[in-house]
Amino acid sequence: MSAQLRMLPVLNGREKGRHLLIAAVALVLTSFAFAAPPAIQIPRIDTPPLLSDFEDMQPSSRVVGQMVKVTGFIAREPADGHRSSRLFAAAPGRQPDAQ
C-alpha cells in the first residue's frame, strides 16, 4: 500500500497576512466573549452619607474610608460604548438593613 502525500497549498505573503489577520481577530473576539464583566463590592456603611460630606466634590473624612470610588464609566448616550466625555465618579455604599 502506498500512501498518498497531500501537499498543502503554498501561500504568498499577502495570503499569509490575511490568514494571520483573520486568526488575530478571531482570538481577540473570543477573549471578549469570555471576559468577565467588571464587578465591585459595595461596602456596608454605618450611617447614611449627607450631601455636606461631598462638598468641593471630595468625600469628607467621615465617609472616605467607608465607601469605594468607582470610575471608568462607559456611555450609553449619545454614543454607546464610548468612554464618558466628562470625568464621573460614584461612591456607592449601603446601610446594614439594606438588601
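Looking across region 45-66, the residues that are of a type in the set (S, T, N, Q) and surrounded by 11 or more Cβ atoms within 10 Å (Cβ to Cβ) come down to 47, 60, 66. Can you tell me which residue is modelled with the highest pLDDT among those in region 29-66 that are of a type in the set (Gly, Ala, Ser) and over 13 Å from residue 92 (Cα atoms)? If we take residues in region 29-66 being of a type in the set (Gly, Ala, Ser) and over 13 Å from residue 92 (Cα atoms), then 52 is modelled with the highest pLDDT. For region 41-75, the tally of residues that are closer than 26 Å to residue 86 by Cβ and over 20 Å from the mean Cα position of the chain (by Cα) stands at 17.
The values are calculated or read from the model by the stated rules, or taken from the named source; none is laboratory data. This one's a predicted model, so the numbers in the text were calculated from it and none came from an experiment. In this analysis, Cβ positions are derived from the backbone assuming ideal geometry, glycine residues included, and neighbour counts consider all displayed protein chains.
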